[in-house]
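Below is one structure, written out as structure tokens; comments come after it.
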Amino acid sequence: MGIVNVTPDSFSDGGRFLDPGAALAHARRLIAQGADILDIGGESTRPGAEPVAEADELARVIPLITVLAAESDIPLSIDTLKPAVARAAVAAGATMWNDVSGLTAAPDSLATAVELGCEVVLMHMLGEPRTMQNDPRYTDVVAEVTAWLANRAEAAVTAGVAKDKIWLDPGIGFGKTLAHNLALLRGLDQLVALGFPVLLGASRKRFIAAIDPSAKEVADRLGGSLAVALIGARAGVAAVRVHDVMETRQALNVQAAVG
Ligand code: HH2
């Protein structure tokens, strides 16, 4: 899954693709590099990020989705917390709703997912982006995140979302310390064992710099990002959400060739 952020403030590439032409060129480049899905977002969810008004978010993502859906067959995912943005994105051609709140952010999130009938990614986050990195605590992070996601999947199915449309994501960096992130990566098989496709998003994230202090700049975190993609693939995740599609695909292909 290649990341296309149409935001001024995403942690790794904020501002680079806010211009519609630049976002489109970037999306086309990721498709050419072999992305299987594009995840399009108009609101950053990085730690400390401020919410974005609905009209601004719509204006950022809908024109891009419309153009991409018309010119390409690639599945398009909308990364949003807002049901109205998901609805407009699906009307414009998106087929997946990536919700970092696991469809808990709005009272009508679940009902909207049922109505849209699209694929949904349910991600785990402790708290909300503005404050989630303020001393997150768990007793057993793997058990708690896995149980929470199982619970959200059950709630979605009960509400009427088709079981085979549901993806789960442990939410690396979303209300988690380095130790929590590492435990989740070690325990991915427990999440995979729930039987839903798992999406893993660790590309260029801050915990890589916590392991390797020389990777303070996000552009210097490719090595760590590739390592996590390989760890995820070994554990059986169905997709990795990445900025560097060409390099990730190559790493995964080499690992798969070795077997
Ligand atoms: N991480 C970010 C955003 N959306 N969605 C899923 N399912 N999983 C993730 O790990 C995930 C996500 C990161 O936040 P943002 O500031 O938007 O940065 P970027 O989109 O460049 O990763």
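The values are calculated or read from the model by the stated rules, or taken from the named source; none is laboratory data. Note that the structure is predicted; figures quoted are calculated from it, not measured. We place every Cβ from the backbone using ideal geometry, glycine too, and count neighbours over all the protein chains shown. Each accessible area value is taken on the protein alone, full model and side chains, heavy atoms only, with ligands, DNA and RNA left out. Shrake-Rupley method; radii C 1.70, N 1.55, O 1.52, S 1.80 Å.
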Quiz item: If you take the square roots of the eigenvalues of the alpha-carbon gyration tensor of region 29-81 and sort them as a ≥ b ≥ c, do you get rounded (a/c under 1.5), prolate (a/b over b/c) or oblate?
Solution: oblate
Quiz item: Using alpha-carbon positions, what is the distance between the centroids of region 18-61 and region 96-123, in Å?
Solution: 18
Quiz item: If amide H atoms are built 1.01 Å from N in the plane of the peptide, which residues on other chains or at least 5 residues away come under 5 Å of the amide H of residue 101?
Solution: 123
Quiz item: So what J values fall out for region 87-102 if you push phi through Karplus, 6.51 cos²θ - 1.76 cosθ + 1.60 with θ = phi - 60°, rounded to Hz, Gly and Pro as x?
Solution: 4, 5, 5, 5, 4, 7, x, 6, 10, 9, 10, 9, 10, 6, 9, x
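List the relative contact order of region 2-254 as a percent without decimals, with contacts defined as Cα pairs under 8 Å and 6+ residues apart.
Details: 468 pairs, mean separation 39.8, N = 253.
Reported as a whole number, the value is 16 percent.
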Quiz item: What order, most packed first, do the peptides 25-34, 239-248 have when packing is the mean number of other Cβ atoms within 10 Å of each residue?
Solution: 239-248, 25-34
Quiz prompt | residue 134-residue 19 FRET efficiency (beta carbon distance; Förster radius 30 Å; 0.05 resolution) | solution = 0.35
Exercise. For 178, 110, give the ranking by accessible area with the largest first, probe 1.4 Å.
Key: 178, 110
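Using the heavy atoms of the protein chains and a 1.4 angstrom probe, tell me the accessible area per residue for the chain in square angstrom. Present the calculation step by step, with values, prior to reporting the outcome.
Details: 11060 Å² over 259 residues.
With all protein chains present, the chain gives 43 Å² per residue.
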Practice problem: Within region 216-259, find all residues whose amide N lies under 15 Å from a label point positioned 7 Å from the Cα of residue 32 along Cα-to-beta-carbon. | Solution: 245-247
Exercise. Could you compute the FRET efficiency for residue 162 and residue 59, with r as their C-beta to C-beta distance and R0 at 41 Å, rounded to 0.05?
Key: 0.85
Practice problem: Work out from phi, with θ = phi - 60° and the Karplus expression 6.51 cos²θ - 1.76 cosθ + 1.60, the ³J(HN,Hα) of each residue of region 6-14, listed in order in whole Hz, and give x for Gly and Pro. | Solution: 9, 9, x, 9, 4, 5, 9, 9, x
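Accessible area of the chain with a 1.4 Å probe: how many percent of it is carbon plus sulfur?
Values: 6120 of 11060 Å².
The computed percentage sits at 55.
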Exercise. Grab the DSSP H runs of the chain that are 4 residues or longer, score each as -39,500 (n - 2.57), total them, divide by all residues and round the 222 nm result to the nearest 500 deg cm²/dmol.
Key: -14000 deg cm²/dmol
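Compute the Cα gyration tensor for region 2-254, then decide on rounded, prolate or oblate, letting a ≥ b ≥ c be the square roots of its eigenvalues: rounded whenever a/c is under 1.5, prolate when a/b is larger than b/c in the other cases, and oblate in all that remain. Spell out each step's value before the answer.
On the way: a/c = 1.35, a/b = 1.08, b/c = 1.25.
It comes out rounded by the Cα gyration axes.
Give me the net charge for the shell around residue 25: Cβ to Cβ below 12 angstrom, other residues only, Lys and Arg +1, Asp and Glu -1.
In short, +2.
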Quiz item: residue 201's amide H: which non-local residues (gap 5+, or another chain) put their own amide H closer than 5 Å, with H modeled 1.01 Å from N in plane and none for Pro or chain starts?
Solution: 171, 172, 241
Quiz item: Once amide H atoms are placed 1.01 Å from N in the peptide plane, what residues at a sequence separation of 5 or more from residue 17, or on another chain, have their amide H within under 5 Å of its amide H?
Solution: 7
Quiz prompt | Rel. contact order, % - alpha carbon contacts under 8 angstrom, at least six apart, region 160-259 | solution = 28
